[in-house]
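The values are calculated or read from the model by the stated rules, or taken from the named source; none is laboratory data. Note that this is a predicted model, so its numbers are computed, not measured. When we count neighbours, we look across all protein chains shown, and the Cβ atoms used for this are built from the backbone with ideal geometry, even at glycine. Accessible surface is based on the protein model in full, side chains and every heavy atom, while ligands, DNA and RNA are left aside. Shrake-Rupley method; radii C 1.70, N 1.55, O 1.52, S 1.80 Å.
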Amino acid sequence: MLTKRIIPCLDVRDGRTVKGVNFTNLRDMGCPVELGLMYESQGADELMFLDITASVEGRAAMLEFVERVADNLSIPFTVGGGVSSRGNVTELLNAGADKVSMNTAAVKRPELINEVSTQFGSQCCVVAIDARKKENGNDNLDNGGKIEWEVLIKGGRESVGLDALEWAEECVRRGAGEILLTSWNRDGMQTGFDIEMVKAFSERLPIPVIASGGAANPESFVEVFEKAGADAALAASIFHDKIYSIGDVKLAVKNAGISVRE
Amino acid sequence: MKTEVDLVDVAGGNLGSVRRCLDRLGVPYNLVNPQNVPDGSRPIILPGVGNFGAVMENLQKDGFDQLVKRLVAGGTPYLGICVGMQILFDWGDESNSAGLGLLPGKVVKFTRGKIPQIGWNKIQCPDSSQSKKTEWPGGYVYFVNSFVCQPENIGDILYSADYYGDFCAAVKRDNICGFQFHPEKSGPFGQSLLVRWIETVSTNCDGGENLAYATKGVENAD
């Protein structure tokens with residue numbers, strides 16, 4: 001039986017790992033290659049590296065960093081953050097990334113998803129969606145009071161008036177292999193995953209959904225797998241702050257009768 | 001490990017991760033392609049991801065596919081990874097096109113669950129396998145696949161796993177082996193399977209045994 005994946009996410013800037021609260025107020029967490037290896041030995045099923053470097057020099061450093069990770073790691077890893085073109089994707093895959101995650105660039109030019117999935121295959125094509133509950137979501141009479149989420153781009157700073165679930169479906173049609181769904185309402189808050197949102201996406205989409213944003217403790221993972229049907233769950237702070245290990249999370253998930261890799 | 005392998009570098013995709021894995025394991029490799037063809041004296045590893053038809057098309061350049069087929073039919077050990085396993089069969093539904101036809105069977109799409117299957121699944125050597133269960137232990141390995149092999153000979157199945165029903169996770173018949181999963185991305189256990197395969201074929205490649213082995217391969221190819 002396919003197991004549920006636990007994915008630590010490492011935000012990388014200038015070769016260091018950082019993690020933000022609501023995408024700002026960054027704290028320094030240490031060397032990302034070492035952290036990655038530690039997570040692999042703890043039983044992480046995959047790793048996610050998010051490049052939050054803004055400068056051109058930083059981008060070049062990122063490629064060297066990806067190569068070092070690829071040389072050392074024996075589990076799959078995804079690289080995302082600032083991927084703006086097919087050229088970026090090619091560079092990252094050539095440097096050894098197993099998958100590339102696209103966000104703002106895909107929203108601005110959705111054809112990028114088609115190009116990447118056609119050239120490299122859907123298996124390496126992750127679309128990251130930062131979603132926020134629409135403020136009028138609960139009482140929008142036009143849709144019968146159904147809850148809706150909107151897409152945010154540029155690290156949560158800008159809304160483009162795009163319905164997140166509709167956008168996710170378009171990504172699937174264009175060839176995305178996985179959706180990394182981050183709740184902007186929950187990110188960095190450590191109050192649990194957004195069960196309602198993850199459930200809506202997991203049920204609707206025919207491809208795997210990785211839940212992200214809000215992990216507080218091992219029970220958050222049990223909940224997002226059991227109640228929301230997520231295929232994988234991603235977290236940063238609770239692992240980096242050494243509040244819980246990957247093993248703690250896996251044990252809780254296993255004890256709840258959910259299939260995980262031991 | 002001293003056995004040198006020929007790594008086919010025309011099928012793209014996971015070549016880099018397989019190379020890195022061989023580097024970590026200390027397995028020397030020689031890159032082969034239509035410009036630098038294999039001579040059959042070394043085991044061949046063919047990694048491949050993406051589309052079945054695209055991988056076949058890349059291989060068909062300059063008749064490279066026919067050369068590989070001839071060598072493998074002649075007894076050269078072969079390990080196909082992911083699509084490198086799928087193309088061993090007669091037919092692929094993904095592109096409605098023929099494979100190498102070294103093993104009888106076809107490659108079909110999963111009919112249930114999220115597609116692609118992405119993640120770690122437990123593989124086990126079934127009782128029906130012609131390979132020894134004790135030699136091929138069970139464990140968790142990493143899969144990324146929408147399509148799956150359906151061998152005609154159930155004895156060819158080396159490993160099976162469950163994704164909304166049993167599916168063929170690996171095949172082994174004489175000198176031919178295929179892993180649907182990615183051993184190079186499956187942690188220490190995945191690497192141990194790659195090492196096991198190399199150890200198995202390096203024994204079989206030794207001296208006088210090699211001739212008998214090659215003859216056996218030819219008979220089986222008919």
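If you go through segment B:115-128 one residue at a time, do you hit one that is among the polar types (S, T, N, Q) and at pLDDT below 95?
First pass over segment B:115-128, keeping only residues among the polar types (S, T, N, Q): B:117, B:121, B:124, B:128.
From what's left, at pLDDT below 95: B:128.
Scanning segment B:115-128 turns up at least one residue that is among the polar types (S, T, N, Q) and at pLDDT below 95.
Of the residues in segment A:68-108, how many are more than 9 Å from every other protein chain (Cβ to nearest Cβ), assigned to a helix (DSSP H, G or I) and over 19 Å from A:D11 (Cβ atoms)?
Total satisfying the criteria: 8.
Is segment A:167-174 home to any residue that is more than 17 Å from the chain's Cα centre (by Cα), part of a strand (DSSP E or B) and modelled with pLDDT of 85 or more?
no
Please specify each residue of segment B:127-143 satisfying the condition of being surrounded by fewer than 17 Cβ atoms within 10 Å (Cβ to Cβ) and without any contact (Cβ under 8 Å) to a residue 60 or more places away in the chain. Full working, then the answer.
To start, the set of residues in segment B:127-143 that are surrounded by fewer than 17 Cβ atoms within 10 Å (Cβ to Cβ) comprises B:127-128, B:130, B:132-135, B:137-138.
Residues satisfying the conditions are B:D127, B:S128, B:Q130, B:K132, B:K133, B:T134, B:P137, B:G138.
Any residue in segment B:2-13 that is surrounded by fewer than 19 Cβ atoms within 10 Å (Cβ to Cβ), more than 28 Å from A:K99 (Cα to Cα) and in contact with a Leu (Cβ under 9 Å, 6 or more places away or on another chain)?
no
Please work out if B:K61 is open to solvent by 30 Å² or more (accessible area, probe 1.4 Å), in contact with a helix residue (DSSP H, G or I) (Cβ under 9 Å, 6 or more places away or on another chain) and either within 19 Å of B:N33 (Cβ to Cβ) or among the polar types (S, T, N, Q) (or both). Quick ask: steps written out before the conclusion?
Numbers: open to solvent by 30 Å² or more (accessible area, probe 1.4 Å): yes; in contact with a helix residue (DSSP H, G or I) (Cβ under 9 Å, 6 or more places away or on another chain): no; either within 19 Å of B:N33 (Cβ to Cβ) or among the polar types (S, T, N, Q) (or both): yes.
Considered against the rule, which asks whether it is open to solvent by 30 Å² or more (accessible area, probe 1.4 Å), in contact with a helix residue (DSSP H, G or I) (Cβ under 9 Å, 6 or more places away or on another chain) and either within 19 Å of B:N33 (Cβ to Cβ) or among the polar types (S, T, N, Q) (or both), B:K61 comes out as no.
Go through (1) more than 14 Å from every other protein chain (Cβ to nearest Cβ); (2) surrounded by 20 or more Cβ atoms within 10 Å (Cβ to Cβ); (3) touching a Lys or Arg at 6+ places or on another chain (Cβ under 9 Å) and name the single condition A:A233 misses.
Only one criterion is unmet by A:A233, namely (1).
Only residues in segment B:33-46 that are at positive phi count as the first member; pair them with residues that are open to solvent by less than 70 Å² (accessible area, probe 1.4 Å), Cβ under 7 angstrom, at least 6 apart or cross-chain, and list the lot.
So the pair list comes out as B:G40/B:L71; B:G40/B:G74; B:G40/B:T76.
Just give me the residues in segment B:147-156 being open to solvent by less than 30 Å² (accessible area, probe 1.4 Å) and away from chain A (no Cβ under 12 Å), in sequence order.
Quick first cut of segment B:147-156, residues open to solvent by less than 30 Å² (accessible area, probe 1.4 Å) only: B:147-149, B:151, B:155-156.
Matches in segment B:147-156: B:V148, B:C149, B:P151, B:G155, B:D156.
Looking only at segment B:66-92, count how many residues are open to solvent by 10 Å² or more (accessible area, probe 1.4 Å) and either farther than 21 Å from B:L15 by Cα or over 14 Å from the mean Cα position of the chain (by Cα) (or both).
Qualifying residue count, segment B:66-92: 8.
Which residues, taken from segment A:236-256, are within 14 Å of chain B (Cβ to nearest Cβ) and touching a Gly at 6+ places or on another chain (Cβ under 9 Å)?
A:I246, A:K250
Scanning for something away from every other protein chain (no Cβ under 11 Å), open to solvent by less than 10 Å² (accessible area, probe 1.4 Å), in contact with a strand residue (DSSP E or B) (Cβ under 7 Å, 6 or more places away or on another chain) and at positive phi, does segment B:104-117 turn up at least one residue?
Looking through segment B:104-117, at least one residue is away from every other protein chain (no Cβ under 11 Å), open to solvent by less than 10 Å² (accessible area, probe 1.4 Å), in contact with a strand residue (DSSP E or B) (Cβ under 7 Å, 6 or more places away or on another chain) and at positive phi.
Residue-by-condition table, conditions (1) modelled with pLDDT under 55; (2) under 22 Å from B:K69 (Cα atoms); (3) open to solvent by 10 Å² or more (accessible area, probe 1.4 Å):
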site: B:F167; (1), (2), (3): no, no, yes
site: B:C177; (1), (2), (3): no, yes, no
site: B:Q180; (1), (2), (3): no, yes, no
site: B:L193; (1), (2), (3): no, no, no
site: B:E199; (1), (2), (3): no, no, yes
site: B:C205; (1), (2), (3): yes, yes, yes
site: B:L211; (1), (2), (3): yes, yes, yes
site: B:K216; (1), (2), (3): yes, yes, yes
site: B:D222; (1), (2), (3): yes, yes, yes
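So how many residues does segment B:43-55 have that are crowded, with 22+ Cβ neighbours inside 10 Å and either within 13 Å of chain A (Cβ to nearest Cβ) or over 14 Å from the mean Cα position of the chain (by Cα) (or both)?
Number of matching residues: 6.
Could you list, ordered by first residue, the pairs with Cβ atoms under 9 Å in which the first is in segment B:187-198 and touching a residue at least 60 places away in the same chain (Cβ under 8 Å) and the second is β-branched (V, I, T) and open to solvent by 30 Å² or more (accessible area, probe 1.4 Å), at least 6 apart or interchain?
That search, which allows pairs on different chains as well, returns B:I198/B:T3.
Considering only residues that are of a type in the set (A, V, I, L, M), touching a strand residue (DSSP E or B) at 6+ places or on another chain (Cβ under 7 Å) and part of a helix (DSSP H, G or I), which ones fall in segment A:228-258?
A:I246, A:V249
Taking the condition open to solvent by 10 Å² or more (accessible area, probe 1.4 Å), assigned to a helix (DSSP H, G or I) and more than 16 Å from A:I147 (Cα to Cα), does A:E203 pass?
The answer is no for A:E203.
Check A:S212, A:S159 and return the single one that is modelled with pLDDT of 95 or more and either away from chain B (no Cβ under 14 Å) or surrounded by fewer than 22 Cβ atoms within 10 Å (Cβ to Cβ) (or both).
Answer to the check: A:S212.
Check B:E4, B:E57, B:E94 and return the single one that is under 22 Å from B:P183 (Cα atoms) and among the acidic types (D, E).
Criteria check complete, one pass: B:E4.
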